[in-house]
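The values are calculated or read from the model by the stated rules, or taken from the named source; none is laboratory data. None of these values were measured; they are calculated from a predicted model. Glycine gets a Cβ as well: all are built from the backbone with ideal geometry, and neighbour counts include every protein chain shown. SASA here: full protein model, heavy atoms, side chains in, ligands and nucleic acids out. Shrake-Rupley method; radii C 1.70, N 1.55, O 1.52, S 1.80 Å.
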Amino acid sequence: MSVVTGRLRDPDINPCLLASDASTRCMDENNYERGRCSTHFLKYKNCRKFWNAIMIQRRRKGVKPSMPTAAERDIILGAMGKMPY
């Protein structure tokens with residue numbers, strides 16, 4: 001596995017790993033008919049938007065690392081009570 005691929009598969013770096021895997025799996029199961037997987041794509045897009053906004057907020061406040069770790073993300077999502085995306 002290349003370094004870039006390894007980073008994308010790291011749950012501490014990629015907060016939308018599950019959504020990404022779900023959209024890829026959907027494409028595989030539906031012979032790459034994009035129309036059948038639009039809900040998965042939308043969930044992934046909303047996930048990226050949400051965590052990008054969190055990352056920008058943390059950067060502005062000077063919090064390091066700018067992307068929360070997987071454990072921190074679980075706490076953030078638990079405090080919200082439901083998935084925001």
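Between Tyr32, Tyr85, Tyr44, the distinction of being modelled with pLDDT of 95 or more and outside any helix (DSSP H, G or I) belongs to Tyr32 only. Out of the range 55-84, which residues are surrounded by 16 or more Cβ atoms within 10 Å (Cβ to Cβ) and in contact (Cβ under 8 Å) with a residue 40 or more places away in the chain? Matches in the range 55-84: Met67, Pro68, Arg73. Residues in the range 1-29 that are assigned to a loop (DSSP other than H, G, I, E, B) and exposed (fewer than 12 other Cβ atoms within 10 Å of the Cβ): Met1, Ser2, Asp10.
When residues of the range 30-54 are filtered for being open to solvent by 70 Å² or more (accessible area, probe 1.4 Å), aromatic (Phe, Trp, Tyr) and either in contact (Cβ under 8 Å) with a residue 24 or more places away in the chain or touching a Leu at 6+ places or on another chain (Cβ under 8 Å) (or both), how many remain? Residues that pass the stated criteria total 1. Looking across the range 65-82 at every residue that is closer than 19 Å to Asp12 by Cβ and not in a helix (DSSP H, G or I), the one that is farthest from the chain's Cα centre (by Cα) is identified as Pro65.
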